[in-house]
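K.L.:
This is the structure I have questions about; it appears just below.
The values are calculated or read from the model by the stated rules, or taken from the named source; none is laboratory data. For clarity, every value in this text was computed on a predicted model and none was experimentally measured. Reconstructed Cβ throughout: ideal geometry from the backbone, glycine too, with neighbour counts over all protein chains shown. SASA here: full protein model, heavy atoms, side chains in, ligands and nucleic acids out. Shrake-Rupley method; radii C 1.70, N 1.55, O 1.52, S 1.80 Å.
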Amino acid sequence: MKWRPYPKYKDSGVEWLGAVPEVWDVKPLGSVARVKARLGWRGLTADEYVDDGYPMLATPNIKDIGIDFENVVYVSEQRYLESPEIMLQDGDVLLAKDGSTLGTVNVVRYLPRPSTLNGSIALIRPSAKLNPVYTYYWFRGDYVSNLIQSLKGGMGVPHLFQSDLRKFRMLIPPPGEQGVIAISLDRETAKIDTMIAKQERLIELLQEKRQALISHAVTKGLNPDAPMKHSGVEWLSEVPLHWRVGAVKRFARLESGHTPSRLHSEYWENCTIPWFTLADVWQLRDDRVETVEETKELVSEFGLANSSARLLPAGTVMLSRTASVGFSGIMGVPMATTQDFANWVCKDDVLPEYLLYGLRAMRSDFDKFMYGSTHNTIYMPDIQKLQICLPPKAEQVEIVRSIRSQIAKIDRLAEKAHFSIDLMREYRTGLISAAVTGKIDVREANHA
């Protein structure tokens, strides 16, 4: 739809807003809404949470399209009643006011049960002059986003104070027009969100197809008519008759990493050797990356010589076994790793890229080996038990070539879907911003 501007505009008196529709007002948020937040924690600690009481929302509960009242912590009636200023009502606008999620906003369209907020969320309760859904969209527009970003500048941990929120300049159309804008934006953003959801689902399906393609190639090969045999390994099932089956350590030398003592400063002088740590795992989270060459930290030859860490050759296949369990890659240059990684130096009859795809194929199988409540870990005795099937090296080369060719096509489709999502989100933000600042007139569309 082609949106039209309003017939007449006036200067808003606010530099970032510029001209606004002639009959719209500009007022401080505090003059048309109550702004409240939890007064500290009033001594509340996590051990006071109860199994079933009053939901206390945190920032993750307000970050999606709807507010999540299910995956919450609960507080007692006493704790709920001691903070009446943040007892939720229908129409309350909730704004994250702390940390990296500062500016995340949502509106209570339906309150399923009495609920409260933790200290990271501000409650904005519009007066009768202000439509709650319009207010919600106002906070999603570029004007407020830019304002919040300017307030965040230079802060260690970003924080919005209630006093600052109350001073936010609010652009206020006539009451009936606020409702029209809210209804129009609900309708238009719902269409966009539906299209985004379809693209996100497509990406999920492509990822599933990608994983299935890799798993099939490294367990069944490329010849559908090849005679098969039982592997004796649950995740492998049947494999081609001429393939070998055994522990990964049978086909590659298993090495663990280590961290030279930080108590000896001389171990950390003249550092020149790449040292792969958990801070580098982000490079492996994208399965399109096979080889890594750069690390956040370096280690010295002296440090390696006085620890259990070893300088491993380029082509070594590494697997994260702590915290971010299951991510794998190939060393593009000689490097060492921390103890958070299992590393395999391939023998002559093993192609590192084939072993890499084999490890990625068994990722779902890692779950049964993981231990720990805070940071999941696969211990080295279990790493030593990991099984893989191995075709002749010439066949490994063909399988790797086939996998790369097919997943490249899948990845191109996924990239297009991601690009479409980015465009739709950009359009959605632009539409919201234009509507709540009066750059476009949505009244005609609402009557269409």
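K.L.:
Against the longest alpha carbon principal axis of the chain, how many degrees, from 0 to 90 and to the nearest 10, is the axis of helix 142-152 turned?
P.N.:
Once rounded, one gets 70 degrees.
K.L.:
Apply the Karplus curve 6.51 cos²θ - 1.76 cosθ + 1.60, θ = phi - 60°, to the phi angles in region 287-304 and return the couplings in whole Hz, x for Gly and Pro.
P.N.:
5, 6, 8, 9, 10, 10, 10, 10, 10, 5, 10, 10, 10, 8, 4, 5, x, 5
K.L.:
Given the protein chains as shown and a 1.4 Å probe, how many square angstrom of Arg404 are accessible, to the nearest 10?
P.N.:
100
K.L.:
Rounded to the nearest 0.05, what FRET efficiency do Leu263 and Asp68 have when you use their Cβ-Cβ distance and R0 = 41 Å?
P.N.:
Efficiency for this residue pair is about 0.35.
K.L.:
Once amide H atoms are built 1.01 Å from N in the peptide plane, which residues 5 or more positions from Met87, or in another chain, come under 5 Å H to H?
P.N.:
none
K.L.:
May I pose another question? Cα to Cα, under 22 Å, and not fewer than 8 places away if on the same chain: which lysines meet these conditions relative to Lys385?
P.N.:
Result set, ordered by chain and number: Lys220, Lys229, Lys249, Lys347, Lys368.
K.L.:
Over 26 Å between C-alpha atoms is what I'm after, so list which of Lys63/Lys409; Lys36/Lys191; Lys63/Lys191; Lys36/Lys63; Lys167/Lys191 land there.
P.N.:
Pairs exceeding the cut-off: Lys63/Lys409; Lys36/Lys191; Lys167/Lys191.
K.L.:
How many nm separate the modelled label positions at Arg253 and Gln339, each set 7 Å beyond the Cα in the direction of the Cβ?
P.N.:
Rounded to a tenth, the inter-label distance reads 2.2 nm.
K.L.:
Here's another thing I want to ask about it. For His159, tell me the accessible area in Å² from a 1.4 Å probe, rounded to the nearest 10.
P.N.:
Counting only protein heavy atoms, His159 exposes about 50 Å² to solvent.
K.L.:
So, counting K/R as plus one and D/E as minus one, what does the shell of residues with Cβ under 10 Å around Ile407 add up to?
P.N.:
+4
K.L.:
Follow-up. Tell me, in nm to one decimal, what length is gained between Ser127 and Leu298 on full extension, where the rule is 0.36 nm per residue of separation less the Cα-Cα distance?
P.N.:
Between Ser127 and Leu298, full extension yields 55.8 nm more.
K.L.:
Still on this structure: Quick one: what are the phi-derived ³J(HN,Hα) couplings along region 324-333, Karplus 6.51/-1.76/1.60 with θ = phi - 60°, whole Hz, x for glycine and proline?
P.N.:
For region 324-333, the Karplus-derived couplings read 8, 6, x, 7, 9, x, 10, 5, x, 9 Hz, x marking Gly and Pro.
K.L.:
Right, something else. What does the extension gain come out to for Lys27 and Met424, with contour length at 0.36 nm per residue minus their alpha carbon separation?
P.N.:
139.8 nm
K.L.:
To continue, here is another question. Taking H as built 1.01 Å from N, whose amide H comes closer than 5 Å to the amide H of Leu312, not counting residues under 5 places away?
P.N.:
Correct list: Met335, Ala336.
K.L.:
Just how far, in whole angstrom, is region 67-105 from region 385-419 if you go by their alpha carbon centroids?
P.N.:
Result: 46 Å between the Cα centres.
K.L.:
Let me ask another. Sequence-distant or interchain residues sharing an amide H contact under 5 Å with Asn376, placed H: which?
P.N.:
Residues meeting the criterion, in which the H sits 1.01 Å from N, are Ala323.
K.L.:
Ok, one more. When you count, for each residue, the other Cβ atoms within 10 Å and take the mean per peptide, how do 117-125, 180-188, 131-139 rank with the highest first?
P.N.:
Result, highest mean first: 131-139, 117-125, 180-188.
K.L.:
Run the paramagnetic zone check for Trp3: 7 angstrom along Cα to Cβ, then residues of region 407-448 with backbone nitrogen under 13 Å.
P.N.:
426-446
K.L.:
Could you compute the net charge surrounding Tyr267? Neighbours are other residues with a C-beta less than 14 Å from the C-beta of Tyr267; K and R count +1, D and E count -1.
P.N.:
Numbers: positive: Arg262; negative: Glu266, Glu269, Glu297, Glu301.
Summing Lys and Arg as +1 and Asp and Glu as -1 gives -3.
K.L.:
Helix-derived [θ] at 222 nm for the chain: sum -39500 (n - 2.57) over DSSP H runs of at least 4, divide by residue count, nearest 500?
P.N.:
Here the helix-only value at 222 nm equals -11000 deg cm²/dmol.
K.L.:
Expected output is a single nm value to one decimal: the length gained when fully extending between Asp349 and Asn146, i.e. 0.36 nm times separation in residues minus the C-alpha distance. What is it? All intermediate terms of the calculation are to be shown ahead of the outcome.
P.N.:
Numbers: separation 203, 0.36 × 203 = 73.08 nm, distance 5.75 nm.
So the chain would gain 67.3 nm between Asp349 and Asn146.
K.L.:
In degrees between 0 and 90, to the nearest 10, how far off the longest principal axis of the chain does helix 175-220 point, with axes built from Cα atoms?
P.N.:
The angle comes out near 0 degrees.
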